[in-house]
Structures are given as structure tokens and as C-alpha cells.
Amino acid sequence: MGMRFSIIYSNILALCACPFVFAGEGSPTPATGNEKVGSALRFQAKDIGGKDVDLASYHGNVVLFVNVASKCGLTSQYEQLQALHMKFKGKGLRILGFPANQFGKQEPGTNSEIRVFCKENYDVSFDMFSKVVVKGKETCELYRHLTSSDAKPKGKGGISWNFEKVLVGRNGEVKARFSPRTKPDSKELVAAVEEALAAKK
């Protein structure tokens, strides 16, 4: 009995010693070395196909979060986002599109319909996620965090419309935030992306 207890106790200690970092309230993600996943990447989200994704998997990249919509006057920004993706993906930029229907109900489609729309109209190949709530009482935890940072030039506060952009550095911390009308190919945004890519962490 004493030996059995000792084995169980040893196993418990081994489990407790295993290094994990947690993505939001979801499943733990193994840490790599002594790196700490930045706070903007401590969440989980479902991709456009419904699969759970630990955003911690983007750690070490520069990430541009964009809340998107298919029937908005700014929807053509998909083309510029795709061009930005193609230009900088080899240097470590990842663009994450999060469809949201809070503004003028301009994203009424299902996730499947959104995926087809993006591919057929803009040949989108950057990562798209399932629809989320980005404003109001039901705002998802990811966007509560992204909008709490006083990142320039826009500063903190709720999402104002479709196609706001939040830039997160290689360390997972928010570096900049841009208004919906700031185009993905604007000098201001491109300069911020290049600066974030140049940083080691």
C-alpha cells in the first residue's frame, strides 16, 4: 500500500512540474523554453471551419487582427489585406480575419458563406476565423483585451466599425491600432508592420 501511494504521489509531482502556458480558459499549450506567450495571444478562437486554435501558436510572429465584413463599404480592403499578407508573410506577418456582424449587420452570412465569399472575390489565403462579437456586452474575451490597450494612433476603447486593425508584436503585446478607414497599404500601417517585423521580440 505504501509503495502504491509513493508511485501515485510521484506521478502527481511529475504532472505538476510540466511547463504549460494557458490560452484563455481553454486547453493548455506547451511553453517553448523560457518564452512567455504575450497577453494578446493567451486566448483560443475557432477558425472559419470551426476548429479550435490556440492563438499562442502565433507567438514569435507579428499578428494583424482585423474585424471584417462582407457587405461593407470597406470590404474592398480584403484585396489590400491579401496583398499585405503576400508581401510580408515570408518575414513573419500573420493576418487574422474575424468576421463580425455588429455594424449595420454587414456580415449576415454563415462561416461557410464567408469563406466562399473571401476566396471567390479576393482569393484570401490569410487566416480567417469564425464569426465573433467585437462590441457590446457580449464582446469576446480576445477583443476585450485588444481594445483595452491604449495603442496609438487610435487608442483604447470599443471597436467603432468594420475593418479596425490591431497590430501585435512578436512578443504578443499590442503595438498599434488603426481606424477602419486606415487602408492596409497606407504608409502609416505598413511602417508599423515593418517596425514590428524588425524587432527581435
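Laid out as a table, the results:
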quantity	calculated
Label-point gap, in nm, between S112 and K91 - each point 7 angstrom along Cα→Cβ	3.9 nm
N121/K152 FRET efficiency (R0 35 Å; Cβ-Cβ; nearest 0.05)	0.60
Gain on full stretching of the segment that runs from K46 to A83 - 0.36 nm per residue minus C-alpha separation	10.9 nm
Pairwise label distance in nanometres, S179 with S39, each label 7 Å out on the Cα-Cβ vector	2.6 nm
Chain lengthening between E138 and S57 when straightened (0.36 nm per residue, less Cα-Cα)	26.6 nm
Length released on extending from K200 to S160, taking residue separation times 0.36 nm less the Cα-Cα span	11.2 nm
Trypsin sites (Lys or Arg not before Pro) within segment 75-106: DSSP coil, no more than 12 neighbouring Cβ in 10 Å	K105
Among beta bridges that DSSP assigns inside segment 33-198, antiparallel share in %, nearest 5	55 percent
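Quick note: the coordinates plus some simple rules give every number you see, no bench work behind them. Remember, it's a predicted structure, so these values are computed and weren't measured experimentally. So basically every Cβ, Gly included, is an ideal-geometry build from the backbone, and we count neighbours across all protein chains shown.
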